[in-house]
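A.B. asks: The structure that follows is given in the form of structure tokens.
The values are calculated or read from the model by the stated rules, or taken from the named source; none is laboratory data. Owing to the predicted nature of the structure, the values given are computational and were not obtained by experimental measurement. All Cβ positions, even for glycine, are placed from backbone atoms using ideal geometry, and neighbour counts span all protein chains on display. Only protein heavy atoms, including side chains, enter the accessible area calculation; ligands, DNA and RNA are left aside. Shrake-Rupley method; radii C 1.70, N 1.55, O 1.52, S 1.80 Å.
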Amino acid sequence: MGTEVVVVGAGFAGLSVARALRRSVASVTLVDRNIYSTFQPLLYQVATGGLNPGDVSYPIRGFARKHRSRYRHGTVTTIDTERRHVVLADGTTLPWDYLVLATGATVNHFGVPGAAEHSLSLYTRTDAISLRDRLMSLLEQRASGARSGDVTMVVVGGGATGVEVAGTLAELRSTALAVAFPEIPPEHVHVVLVEQAPVLLGPFHESSQAYSLRALRARGVDVRLGATIEAVEDGAVRLAGGERLPADLTVWAAGVRVPEGVSASGLPQGRGGRILVDPDLRVQGHERIFAVGDVALTDPPVAQLANPALQAGAHAGDQIRALLEGRPTEPFRYRDLGTMATIGRRAAVVELPRAVRLTGTLAWLAWLALHIVRLLGNRNRVSTLVNLAWRYLAWPGGSGVIVGDVPDPPRRDGEP
Ligand SMILES: Cc1cc2nc3c(=O)[nH]c(=O)nc-3n(C[C@H](O)[C@H](O)[C@H](O)COP(=O)(O)OP(=O)(O)OC[C@H]3O[C@@H](n4cnc5c(N)ncnc54)[C@H](O)[C@@H]3O)c2cc1C
């Protein structure tokens, strides 16, 4: 039997491992709990009705076939490092000679009371659909008269995701509401962004931070900096100091940790539960296990972003090939290609190496182009281009909103 490589997680990092191993002698199996790979950077567009869920997902089985690997649908629940196998939720055992963990990150509520019960997060396609439907329900209830008064949406966390969600919700209010929910006066819809730090977009340069704050406030977002959430309740969030903000919808976009199955694996872990790896990306103390992408913690740490995940996945694949060919492994060196975040139509920040910084329309076009190019599959690229053009070119009379579901149709008093 040949060398078996099992890659757990088919996100940016996992797919990159398979790509790097496509010409190796190893037999590669990609395992993922979903039958599709999710393009997380555009999930907020699905959540706000700008894209369809299929636009941001790509079938793993097709990818595996193209890259001479196999796909196995399943959730890994146990990693047995002694007997060298992983166990799936359905009880199946998959043996490996080399294991690559690429399970990404999930939401971290930091133990804030009520956060898990009363807020929505945005890590999976299912999360994005739930958020979109919750948003549609809320607006539908207000438009139909089942609910009166103001509608307030609170976004927790001023990182890239929080900024993107808050900016898009504010634009929905000012552009799409008049067409999609004409009964709701836009001034009755409020978007609040709460961030514990004194600035938005922590890792960015201060000029980008100031720009994003200005751009959000210009869109009418109530940005609360230096504000700590103490509890999330049904219909409200409570800040340290006692202030209670109404919150008909709370989006939790603060903090990440590793998923459950991995945190219970007994592998060495650092901050946020991330798995500690040696310079060549092998898990500390484990010769045959690699960890890559958001789940891994390198020294020095690299950001939990798509580029580092892609590069680490490729590196791990190359190291497995080296080991199979009897060559020594090499340390991983992240090549910084820059970072970006978008706030809304014609507003984004882009930071490139050598202190090149862009804001505004140019940055936004760069963001748009890169995200479309990065998507897997031509069909996804075309559909995303069309849907985003529809949203941002504001077709006359069109709302640019892809309608979601309203799980529980609102009933008014006296209605059967
Ligand atoms: C809302 C949002 C917006 C973002 N925006 C950007 C951006 O604009 N730019 C940027 O560079 N980065 C962005 N990121 C970060 C980027 O998406 C991540 O850094 C990247 O996806 C990490 O890749 P990964 O392969 O490590 O993990 P992921 O892409 O998360 O893939 C992990 C895979 O593992 C699978 N999995 C997890 N646990 C198990 C298990 N037990 N068994 C089987 N399968 C499992 C999951 O289903 C998933 O397919 C964003 C992230 C989010 C959540």
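Conditions tested, residue by residue: (1) at pLDDT below 95; (2) out of contact with any Asp or Glu (no Cβ under 8 Å at 6 or more places or on another chain).
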residue: Arg282; (1), (2): no, yes
residue: Ile289; (1), (2): no, yes
residue: Gln304; (1), (2): yes, no
residue: Gly313; (1), (2): no, yes
residue: Thr339; (1), (2): yes, no
residue: Leu352; (1), (2): yes, yes
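A.B. asks: Quickly run through the range 334-367 and pick out the residues that are open to solvent by 30 Å² or more (accessible area, probe 1.4 Å), without any contact (Cβ under 8 Å) to a residue 24 or more places away in the chain and assigned to a helix (DSSP H, G or I).
C.D. replies: Listed by number, the residues that qualify are Thr361, Leu362, Leu365.
A.B. asks: Please work out which one of (1) farther than 20 Å from Gly404 by Cα; (2) open to solvent by 50 Å² or more (accessible area, probe 1.4 Å); (3) assigned to a loop (DSSP other than H, G, I, E, B) is the condition Gly158 fails and give its number.
C.D. replies: (2)
A.B. asks: Could you run through the range 246-283 and say how many residues are open to solvent by 40 Å² or more (accessible area, probe 1.4 Å), more than 13 Å from the ligand (Cβ to nearest atom) and under 23 Å from the mean Cα position of the chain (by Cα)?
C.D. replies: The qualifying residues number 3.
A.B. asks: Go through (1) modelled with pLDDT under 95; (2) away from the ligand (no atom under 16 Å from the Cβ); (3) closer than 23 Å to Ser121 by Cα; (4) not in a helix (DSSP H, G or I) and name the single condition Arg173 misses.
C.D. replies: Just one mismatch for Arg173, condition (4).
A.B. asks: Gly74 fails exactly one of the following numbered conditions: (1) in contact with a Leu (Cβ under 7 Å, 6 or more places away or on another chain); (2) buried (at least 23 other Cβ atoms within 10 Å of the Cβ). What is the number of that condition?
C.D. replies: (2)
A.B. asks: Is it the case that Gly293 is modelled with pLDDT under 95, within 24 Å of Tyr98 (Cβ to Cβ) and small (Gly, Ala, Ser)?
C.D. replies: Working: modelled with pLDDT under 95: no; within 24 Å of Tyr98 (Cβ to Cβ): yes; small (Gly, Ala, Ser): yes.
Criteria not met by Gly293.
A.B. asks: For the range 354-382, what are the residues that are within 16 Å of Ser207 (Cβ to Cβ) and of a type outside the set (A, V, I, L, M, F, W, C)?
C.D. replies: Correct list: Arg354, Arg357, Thr359, Gly360.
A.B. asks: Quick one: how many residues across the range 1-17 are in a loop (DSSP other than H, G, I, E, B), farther than 30 Å from Ala389 by Cα and either within 10 Å of the ligand (Cβ to nearest atom) or open to solvent by 40 Å² or more (accessible area, probe 1.4 Å) (or both)? Break it down stepwise before answering.
C.D. replies: Here is the first cut: in the range 1-17, the residues in a loop (DSSP other than H, G, I, E, B) are 1-3, 9-11.
Okay, now just the ones that are also farther than 30 Å from Ala389 by Cα, so 1-3, 9.
Going one step further and asking which of them are either within 10 Å of the ligand (Cβ to nearest atom) or open to solvent by 40 Å² or more (accessible area, probe 1.4 Å) (or both), we end up with 1-2, 9.
Qualifying residue count, the range 1-17: 3.
A.B. asks: List pairs: first residue in the range 20-40 and farther than 23 Å from Asn380 by Cβ and in a loop (DSSP other than H, G, I, E, B), second residue open to solvent by less than 40 Å² (accessible area, probe 1.4 Å) and near the ligand (Cβ under 6 Å from one of its atoms) anywhere in the structure, Cβ distance under 9 angstrom, at least six positions apart or on different chains.
C.D. replies: From residues that are farther than 23 Å from Asn380 by Cβ and in a loop (DSSP other than H, G, I, E, B), there are no pairs.
A.B. asks: Turning to a different aspect of this structure: Checking the conditions here, which among Leu281, Leu305, Leu276 is on the phi > 0 side of the Ramachandran plot and aliphatic (A, V, I, L, M)?
C.D. replies: Answer to the check: Leu281.
A.B. asks: Collect the residues in the range 18-43 that are within 11 Å of the ligand (Cβ to nearest atom) and in contact with a strand residue (DSSP E or B) (Cβ under 9 Å, 6 or more places away or on another chain), keeping them in residue-number order. Walk me through how you get there before you give the answer.
C.D. replies: Step one: list which residues in the range 18-43 are within 11 Å of the ligand (Cβ to nearest atom), which gives 30-43.
Once the filter is applied, which keeps residues that are within 11 Å of the ligand (Cβ to nearest atom) and in contact with a strand residue (DSSP E or B) (Cβ under 9 Å, 6 or more places away or on another chain), the range 18-43 yields Leu30, Val31, Asp32, Arg33, Asn34, Ile35, Tyr36, Ser37, Thr38, Phe39.
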